[in-house]
Amino acid sequence: MAEIELRDIEKSYGETAIVKGVSLSIRDGEFLTLVGPSGCGKSTLLRIIAGLEAQNSGEVLVAGRCVDDKRPKERDVAMVFQSYALYPHLSVFDNLALPLRTRRLSFAQRLPLVGRALPGRGDVEKAIRAEIEQAASMLDIAHLLRRKPGQLSGGQRQRVALGRAMVRHPAVFLMDEPLSNLDAKLRVQMRAEIIALHRRLGVTFVYVTHDQAEAMTMSDRVAVMMDGELLQVDRPERLYRDPEDLRVAEMIGSPKINVVSRAHWVSLGASLPAGIHRNTAHLAFRPEAVGIVASGDGRLNGVVASVENLGSDIFLNVTLADGQGTVVVRTHPDASRSEAGRSVGLQIDPACLLQFDGAGMRQREVERVEAAA
Amino acid sequence: MISRFSDRRFAGRVARHAILLLTAAFALLPFVWMVSLSLKPPQEIFQADFRLWPTAFHGGENYRIALTAAPMFSFLLNGVLVCAAIFALQLLVCIPCAYALAKLRFRGRDTLFSAVLVGLLLPPQALAIPHFVMLNVFGFLDTYAALILPWAISTFGIFLLRQFFRSIPDEIIHAARLDGLGEFEIIWRIMIPMTAPALAAFGIFSVVAHWNDLFWPLIAVRRAEISTPALGILLFRDDEAGQFLGPLMAGAVIIVAPLLLAFLIAQRRFIDGLAVTTMK
């Protein structure tokens, strides 16, 4: 049972600030994903939770107790690394056994040569073997226990790394981009397995990724990080529909959200929709919020530049009338076919229009008032 | 076309191997000469015509003299003892130093590493007199300690091992810390097994250097009972040189043989250790 609480964590290397005052509380048993572009400080934050790096200021609490002066092994956390970090000279069995042996055997029992002969070691070894075999069969790697990591495929190594984290029943699982070394197909499969593992173990997972699709599909909540700051922490669907920050809106969702600046909108000669706040500088809308109408009938008009057919959806890249900027539109495959070069009108669902001010902050009050009125 | 191409390749290969054979023969010649001399009677050694194999085989006699005139076995034993002690102490010092320099972050690390590099530049001969004076102060001259202690810290070893330790990814060490290993256990269970080829290579460097070393034992030691092989063999030369050239060469063969054997056995590891190992 472990909730995690971060209070004003700051971390810098020399002059460069990596993490700037991050506060975050992670509930017990939650699957929380830290997502952000590379270099945003998310991995550093994870290593601070693990105790592998020391923060410059701020506190880390696990299960309500401050762990700042505790070493990594005393924090009851396990970590899965991007490179898996398996010990190449040990068999899979010994890789899995190492964390258990260091915890359950006394210092004397762990000594080379002498340790084997000491009383009690045999019983502990027997128990360890049984647990490893159980974990291995759960992860479907029981047949690989005698191999060395070098003889395994990427997916198998990934499972071994998960196994090594799992065997000692930690209160918190930390994962640092564990799927980014796998090919696309395996990644989707392992995603499902990690979700299943989380459900089965019921412990807290903190997962770091730069892939918004992973963040959206796996997590209970997603924390979006950029330049060392937390922008928003919310459920995936809220991040998608209700982003607080333009950078969040742009990060979440594929294809990217369409953003048209107010000045650009006006210069196109298009009327602004009702309920636009006076501070609004950017109007943003998702590809599915746009409908194709006859040229001249839409709020915005443009020319189809290219068509991407994904089978289930068709994405149209529409260049706006003045030739500046592109809007992506999602259409249904059954809808009338649009080919490149056709002039079209774009109708935007006003309920799905998001407004942001010049600093990228969401503007919502006026919109709501006028929508209600 | 194809046959001409492969002909050219064949010719290239022959040329390459011819060059390799030639240089190998050049390097081997003194050894062959030494072995040949160790088998010849004294009068044949200085004959004008050259024969690889002696007309009158005198090997038995030469090797008998080599083994009996001087306590050859005791020299060899001393050599093993001194080299083993030096290498053991070097590992004891170098491995933790190299680990700290490669993987730990602390104030002054880079300065310390520069100091190691400076140490690497100093020729050991330059330190001979200070070492001698220090050993004299401690009263260690003419003991095993005098042969061993000055070499206990190898800057070369620290440098070599640091480079290898650096090639081990940080994530493995992080994983080990999370798995509950202390720093010394990380060294023992993770770093040493992962860099075994480098340790073997360092071992060969160290043992070869100190087995063959004549300079330092000559300064530090007088007594024959604790002489290393290279120093011991000098005892032959002190006698009338010409008469004893055969046994002298026989003694040299006896001294070199263990090294050659050890190298042949460890050859694979040695080459692995020097080549850039790919670790995943």
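The values are calculated or read from the model by the stated rules, or taken from the named source; none is laboratory data. This one's a predicted model, so the numbers in the text were calculated from it and none came from an experiment. Positions of Cβ are backbone-derived with ideal geometry, glycine not excepted, and every protein chain shown enters the neighbour counts.
Structure data summary
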read-out	value
From the options B:ASP170, B:ASP213, residue that is acidic (Asp, Glu) and buried (at least 16 other Cβ atoms within 10 Å of the Cβ)	B:ASP213
Residues of region A:310-334 classified as more than 16 Å from A:VAL260 (Cα to Cα) and either touching a strand residue (DSSP E or B) at 6+ places or on another chain (Cβ under 6 Å) or surrounded by 12 or more Cβ atoms within 10 Å (Cβ to Cβ) (or both), total	7
Residue list for region A:269-297, filter: surrounded by 18 or more Cβ atoms within 10 Å (Cβ to Cβ) and of a type in the set (A, V, I, L, M, F, W, C)	A:ALA270, A:ILE276, A:LEU283, A:ALA284, A:PHE285, A:ALA289, A:VAL290, A:ILE292
Sole exception among (1) touching a strand residue (DSSP E or B) at 6+ places or on another chain (Cβ under 8 Å); (2) in contact (Cβ under 8 Å) with a residue 60 or more places away in the chain for A:SER261, by number	(2)
So B:ARG107, is it within 14 Å of chain A (Cβ to nearest Cβ), closer than 21 Å to A:LEU52 by Cα, without any contact (Cβ under 8 Å) to a residue 12 or more places away in the chain and not in a helix (DSSP H, G or I)	yes
Any hit, region A:225-235, residues being in contact with a Ser or Thr (Cβ under 6 Å, 6 or more places away or on another chain) and either in the same structural domain as A:GLU30 (by TED's automatic domain parsing) or not in a strand (DSSP E or B) (or both)	no
Considering residues of region A:37-55 that are more than 14 Å from every other protein chain (Cβ to nearest Cβ) and on the phi < 0 side of the Ramachandran plot only, the residue surrounded by the most Cβ atoms within 10 Å (Cβ to Cβ)	A:LYS42
Total residues in region A:139-160, condition within 12 Å of another protein chain (Cβ to nearest Cβ), surrounded by fewer than 18 Cβ atoms within 10 Å (Cβ to Cβ) and in a helix (DSSP H, G or I)	3
Residue list for region A:70-81, restricted to those being surrounded by fewer than 18 Cβ atoms within 10 Å (Cβ to Cβ) and either small (Gly, Ala, Ser) or over 16 Å from B:ALA176 (Cβ atoms) (or both)	A:LYS70, A:ASP76
Filter result (more than 9 Å from chain B (Cβ to nearest Cβ), assigned to a loop (DSSP other than H, G, I, E, B) and without any contact (Cβ under 8 Å) to a residue 24 or more places away in the chain) within region A:70-95	A:LYS70
Qualifying residue in region A:161-180 (condition: assigned by TED's automatic domain parsing to the domain that holds A:SER91, polar (S, T, N, Q) and surrounded by fewer than 18 Cβ atoms within 10 Å (Cβ to Cβ))	yes
First in region A:146-159 and over 13 Å from A:PHE93 (Cα atoms) and assigned by TED's automatic domain parsing to the domain that holds A:ALA136, second anywhere and of a type in the set (Ser, Thr, Tyr) and at pLDDT 90 or above, Cβ under 7 Å, 6 or more apart	A:GLN158/A:TYR84
Hits in region A:97-111 - residues which are more than 9 Å from chain B (Cβ to nearest Cβ) and among the polar types (S, T, N, Q)	A:SER106, A:GLN109
Selection status of A:ASN279, among the polar types (S, T, N, Q), at pLDDT 90 or above and out of contact with any helix residue (DSSP H, G or I) (no Cβ under 7 Å at 6 or more places or on another chain)	no
Unique match (being surrounded by fewer than 18 Cβ atoms within 10 Å (Cβ to Cβ) and in a strand (DSSP E or B)) among A:ARG7, A:ARG103	A:ARG7
Lone unmet requirement of (1) surrounded by 10 or more Cβ atoms within 10 Å (Cβ to Cβ); (2) within 17 Å of B:PRO247 (Cα to Cα); (3) not small (Gly, Ala, Ser) for B:PHE46	(1)
Check on B:ALA209, free of Cβ contacts under 8 Å to residues at least 60 places away in the same chain and more than 10 Å from chain A (Cβ to nearest Cβ)	yes
Failed item, numbered, when B:CYS83 is tested on (1) loosely packed, with under 13 Cβ neighbours inside 10 Å; (2) at pLDDT 85 or above	(1)
Qualifying positions in region A:106-138 - among the acidic types (Asp, Glu) and surrounded by 12 or more Cβ atoms within 10 Å (Cβ to Cβ)	A:GLU125, A:GLU131, A:GLU133
Filter result for B:PHE184 (more than 19 Å from A:LEU96 (Cα to Cα), of a type outside the set (Val, Ile, Thr) and more than 11 Å from the chain's Cα centre (by Cα))	yes
Region B:139-186, residues that are more than 17 Å from A:PRO88 (Cβ to Cβ), among the basic types (Lys, Arg) and more than 14 Å from chain A (Cβ to nearest Cβ)	B:ARG162
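To keep it simple, each residue is scored yes or no on (1) buried (at least 16 other Cβ atoms within 10 Å of the Cβ); (2) among the aliphatic types (A, V, I, L, M); (3) at pLDDT below 90; (4) in contact with a Gly (Cβ under 9 Å, 6 or more places away or on another chain).
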position	(1), (2), (3), (4)
B:VAL116	yes, yes, no, no
B:PHE140	yes, no, no, no
B:THR155	yes, no, no, yes
B:ARG189	yes, no, no, no
B:PRO197	yes, no, yes, yes
B:SER206	yes, no, no, yes
